[in-house]
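A.B. asks: Quick one: the structure is below, and I'll ask about it shortly.
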Amino acid sequence: ANLTFASGVTDQAFSVIVWTNIPDAAASRVLVAKADITTNSSEYALFATINDTLTFRLYDSTATKVAIRTSDAAITMGSIRMFAATYNGGGGQTAASGIILYQDAAVIDSTATEDALYVAMRDGTRVLALGADSVPASYSGESALCRAIVSGVLTASQLSALKNLGNGFWGLNL
């Protein structure tokens, strides 16, 4: 149940933050996934698509339904950036509308793909995968400085404060 934000009936609010250098490659690159190694299903996943867009997915594994939010344009590749996804825990058929994507603490224009049959994520035997999902492993090839998952929705100003802390700690200028 660690790092699970759902009961199968309702979702809970949470945020995922990753400081990483994502390589520009013709493949999906998983940053964080709460994946089930036996069924290859997930609760949630943050990744860069083959088109270099940032995507956050919520999986309702019982109904095999997915709520998705994808950036409208490619994200920055080949240099360290801070990416984040926040989810308000609204669940249901408009769950994807409760997701906000960020790059360097700035909101990214994005599109929600709703599923009318999505109810909520379900906790199973999932493990948290960093830089890969499981079965089969899909290593992202990215160099991550730090990943964080927190309960609740972080605001743009909170993400900006975290970005500034990371800038100071790692000597970045994001």
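The values are calculated or read from the model by the stated rules, or taken from the named source; none is laboratory data. Every value quoted in this text rests on a predicted model; they were computed, and no experiment measured them. Quick reminder, even Gly has a Cβ in these numbers, built from the backbone with ideal geometry, and neighbours come from all protein chains shown. We work out accessible area using only protein heavy atoms, side chains counted, and drop any ligands, DNA or RNA first. Shrake-Rupley method; radii C 1.70, N 1.55, O 1.52, S 1.80 Å.
A.B. asks: Quick check: at a probe of 1.4 Å, how many percent of the accessible area of segment 81-122 sits on carbon and sulfur atoms?
C.D. replies: Numbers: 790 of 1580 Å².
Carbon and sulfur atoms account for 50 percent of the accessible area of segment 81-122.
A.B. asks: Could you state, as a whole-number percent, how many of the C-alpha pairs of the chain are farther apart than 27 Å? The partial results should precede the final answer.
C.D. replies: Working: 2784 of 15051 pairs.
For the chain, the share of Cα pairs beyond 27 Å comes to 18 percent.
A.B. asks: Could you give the length gained by full extension between residue 27 and residue 13, i.e. 0.36 nm per residue of separation minus their alpha carbon distance, to one decimal place?
C.D. replies: On the way: separation 14, 0.36 × 14 = 5.04 nm, distance 2.92 nm.
The span from residue 27 to residue 13 would gain 2.1 nm if fully extended.
A.B. asks: Give me the 1.4 Å probe accessible area per residue for the chain, excluding ligands and nucleic acids, in Å².
C.D. replies: In whole numbers, the chain has 44 Å² accessible per residue.
A.B. asks: May I pose another question? Please report, in debye to the nearest 20, how large the charge dipole of the chain is about its Cα centre when each Lys and Arg carries +1 at its beta carbon and each Asp and Glu carries -1 there.
C.D. replies: About 280 debye.
A.B. asks: Could you calculate the contour length gain from residue 63 to residue 106, that is, 0.36 nm times the residue separation minus the distance between their Cα atoms, to one decimal place in nm?
C.D. replies: Values: separation 43, 0.36 × 43 = 15.48 nm, distance 3.33 nm.
Computed gain between residue 63 and residue 106 is 12.1 nm.
A.B. asks: Using 0.36 nm per residue of separation minus the Cα-Cα distance, give me the extension gain between residue 145 and residue 164 in nm, one decimal. Write down the numbers at each step before the final one.
C.D. replies: Details: separation 19, 0.36 × 19 = 6.84 nm, distance 1.43 nm.
Result for the pair: 5.4 nm of gain on full extension.
A.B. asks: Considering amide H positions built from the backbone, and no H for Pro or chain starts, which residues 5 or more places from residue 61, or on another chain, come under 5 Å of its amide H?
C.D. replies: Under 5 Å from the amide H of residue 61: 122.
A.B. asks: Does a label point 7 Å from the Cα of residue 73, set along Cα-to-beta-carbon, have any residues of segment 89-103 with amide nitrogen under 19 Å, and which are they?
C.D. replies: Those under the cut-off are 100-103.
A.B. asks: Whose amide H sits under 5 Å from the amide H of residue 146, counting only residues 5 or more places off or on another chain, with H placed in the peptide plane?
C.D. replies: 19
A.B. asks: Of the peptides 159-171, 77-89, how do they stack up when ordered by the mean number of other Cβ atoms within 10 Å, highest first? Each step should come with its number before you reach the end.
C.D. replies: Working: 159-171: 14.5, 77-89: 20.5.
The most tightly packed comes first, giving 77-89, 159-171.
A.B. asks: Another question about this same structure. Report residue 11's accessible area, 1.4 Å probe, all protein chains in place, as a number in Å² to the nearest 10.
C.D. replies: Taking all protein chains as shown, residue 11 has close to 10 Å².
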